[in-house]
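The values are calculated or read from the model by the stated rules, or taken from the named source; none is laboratory data. Predicted, not measured: the structure shown is a model, and the values here were computed from it. For neighbour counting, all protein chains shown are included, and Cβ atoms are generated from backbone atoms with ideal geometry for every residue, glycine included. Only protein heavy atoms, including side chains, enter the accessible area calculation; ligands, DNA and RNA are left aside. Shrake-Rupley method; radii C 1.70, N 1.55, O 1.52, S 1.80 Å.
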Amino acid sequence: MNENHEIHAFLEAEKIAKSFQIGSHRIEVLKQVSVMVNAGEWVALLGASGSGKTTLLDILGTISRPDSGTLYIGGQNISRLSARETVSFRRKNIGFVFQAYHMLPELNILENVMLPAMLEHQSRAEAVQKAEMLLERVGLAHRIKHRANELSGGEQQRAAIARALMNTPSLLLADEPTGNLDSVTGNGILDLFKEIHAEGKTTIIMVTHDRKVADLADRAVALQDGSLCC
Ligand SMILES: Nc1ncnc2c1ncn2[C@@H]1O[C@H](COP(=O)(O)OP(=O)(O)OP(=O)(O)O)[C@@H](O)[C@H]1O
Ligand SMILES: [Mg+2]
């Protein structure tokens, strides 16, 4: 950690910039984006399509690196980690829920949920126990032996939440987790996020287009023209 840097928040992004080169054209998607998120806080990230929400979420989740700027999570300066250290940090500390679920179709639901623990070389017996507990919690105890492609969208997203929680992440990132679901099914997913938030152990950043979804969060920030505003 940089000794000169005083950490105030659980997550602190400073002057994050990211641009993409497409042919001869360069688009500056994020220009000097700074954001602080406290431990246990639920922040909604709003913005028009193409405003850079996924780009920012991927950087905050250490999936991609910014062109410039620094990112601290739990006091750890991510910008200083090697690629290998970053992967390890991500697996231990961050859970992702994507709009399109991203379950592995050839595995059953239990195996999908266990995967993050298996990648961390945890004991298989303990992983089975924890995955069963999480699947019970998201209301899928009766589906554990089903393959992912035998489940409905809402069921797959509930399993994806269980998978995201498998390594007890301190940071849970969700990119439009209800975007592909009807409103009743989506409300069930949002109820799960409310429960996780109420436990107070997980910091949540959730991308959404929907103001009503954003209203569930403690705070909403919006991306516009490459900058964050409220
Ligand atoms: N890998 C990439 N290469 C080139 N351009 C990219 C890449 N990823 C994103 N972009 C561009 O960056 C801009 C922001 O994309 P991003 O996916 O972050 O938007 P978004 O706010 O998540 O949009 P949506 O609400 O539609 O998901 C878009 O113009 C997109 O085309
Ligand atoms: Mg997106």
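Laid out as a table, the results:
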item	result
Percentage relative contact order, the chain, counting C-alpha pairs under 8 Å, at least six apart	30
GluC sites (Glu not before Pro) lying in DSSP loop within region 86-129, provided at most 14 other Cβ fall within 10 Å	106, 120
Whole-Hz couplings from phi, Karplus 6.51/-1.76/1.60, listed for region 68-74; x for Gly and Pro	8, x, 10, 9, 10, 10, x
Isotropic mean projected area of the C-alpha convex hull, region 11-229 (nm²)	12.3
Amide proton proximity set for residue 67, modelled H, under 5 Å, gap of 5+	17, 18, 19
Accessible carbon and sulfur surface of the chain relative to its total accessible area, %, 1.4 Å	49
For residue 172, distant residues with modelled amide H under 5 Å away	95, 203, 204, 205
Per-residue HN-Hα couplings for region 217-230 [Karplus 6.51, -1.76, 1.60; θ = phi - 60°; Hz; x = Gly/Pro]	6, 5, 7, 10, 10, 10, 8, 8, 6, x, 10, 8, 9, 10
Size of electric dipole in the chain: Cβ of Lys, Arg +1 and of Asp, Glu -1, about Cα centre, debye, nearest 20	360
Two-site FRET efficiency, residue 24 against residue 210, from Cβ-Cβ distance with R₀ of 30 Å, rounded to 0.05	0.25
Selection from 30, 187, 40 lying farthest towards where the dipole of the chain points positive, charges on Cβ	30
From phi via Karplus (6.51, -1.76, 1.60), per-residue ³J(HN,Hα) for region 170-182 in Hz, x at Gly/Pro	7, 10, 10, 10, 9, 9, 6, x, 10, x, 9, 10, 5
Rounded if a/c under 1.5, otherwise prolate or oblate - region 171-230, Cα gyration tensor axes	oblate
